[in-house]
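One structure is given below, encoded as structure tokens.
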Amino acid sequence: MINTLEKLKDIKINEELNNKVFRDFIKYFETKYSFKISTNLLLKFEIIVKKIATYNGHEFVKQSDLFGMLFIEQNEINDFEEKFKETMKETMFREVINYQNLNSNIKDEYEIKFNNKTLSIEEKEHALNLTKWIKKQIEIFSNENLIKNNEQLKNKITGEMIKDFFKEQNDIFIRIYKWHANVFAIMAK
């Protein structure tokens, strides 16, 4: 990390840099944890994120640049890394989480009907269609190009951090999708 920070020490921040992603992330973080980050710490976060974005030649701050906030030593926010990653997960994978929550709700509803032998033909067809859709999602999430060729993950400073995070989340989503697909496939019979 010290070596990484040395690379950034003399970086002059691009004043044209759009930092909306940073501002939106901070706003969401503060709201989520009902916590106001001090001006001093906020400035430190913003400077490192902007330096990383500038170093990478980005015209705007990307989510991968935000991982630079983890380089800042601070004692203001307890469990910051854990909270940061949870917030990143919720913002970066919002759509996936929404779909998985919807699938879980339908699965729970259908499971009760399936166990009571009251699942309708239409619901069985819907379960079959969900199985097919989920299997396509598993195929998409299992494709290594999703990580290898993802522009959001390319970063000379935080690249490995964001890739590890992305892989970890991806693996979790795949496991959940597989579980849902198996349950819906059983119900569709």
Nearest-0.05 FRET efficiency for K36 and S104, computed from C-beta distance (R0 35 Å)
0.60
Built amide H within the under 5 Å cut-off of F60, gap 5+:
N18
Considering only protein heavy atoms, what is the solvent-accessible area of M92 at a probe of 1.4 Å, reported in Å² to the nearest 10?
40
Net charge (Lys, Arg +1; Asp, Glu -1) of residues whose beta-carbon lies under 14 Å from that of K20, K20 excluded, is -1
Whole-Hz couplings from phi, Karplus 6.51/-1.76/1.60, listed for the range 168-184; x for Gly and Pro:
4, 5, 4, 4, 5, 4, 4, 4, 5, 4, 4, 4, 4, 4, 4, 5, 5
Suppose a student asked you for the relative contact order of the range 1-71, using Cα pairs under 8 Å spaced at least 6 residues apart; what percent would you report?
44
For the chain, dividing by residue count, accessible area per residue (probe 1.4 Å) in Å² works out to 61
Mind pulling the angle between the C-alpha long axis of helix 94-115 and the longest principal axis of the chain? Nearest 10 degrees, somewhere in 0 to 90.
20
Net charge near I97: determine it from the other residues with C-beta under 12 Å of the C-beta of I97, scoring Lys and Arg +1 and Asp and Glu -1.
-1
In percent, what relative contact order does the chain have, based on Cα pairs under 8 Å that are 6 or more apart in sequence?
25
Distance between the C-alpha centers of the range 6-73 and the range 119-189? Whole Å please.
30
What is the percent carbon and sulfur in the accessible area of the range 54-124, measuring with a 1.4 Å probe over the protein chains and ignoring ligands?
44
Computed lengthening from K178 to D164, 0.36 nm per intervening residue step minus Cα-Cα distance:
2.9 nm
Counting only protein chains, not ligands or nucleic acids, how are H126, H180, H58 ordered by accessible area (probe 1.4 Å), most first?
H126, H58, H180
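The values are calculated or read from the model by the stated rules, or taken from the named source; none is laboratory data. Remember, it's a predicted structure, so these values are computed and weren't measured experimentally. A quick note on method: Cβ atoms are made from the backbone with ideal geometry, for glycine too, and the neighbour counts reach across all protein chains shown. We work out accessible area using only protein heavy atoms, side chains counted, and drop any ligands, DNA or RNA first. Shrake-Rupley method; radii C 1.70, N 1.55, O 1.52, S 1.80 Å.
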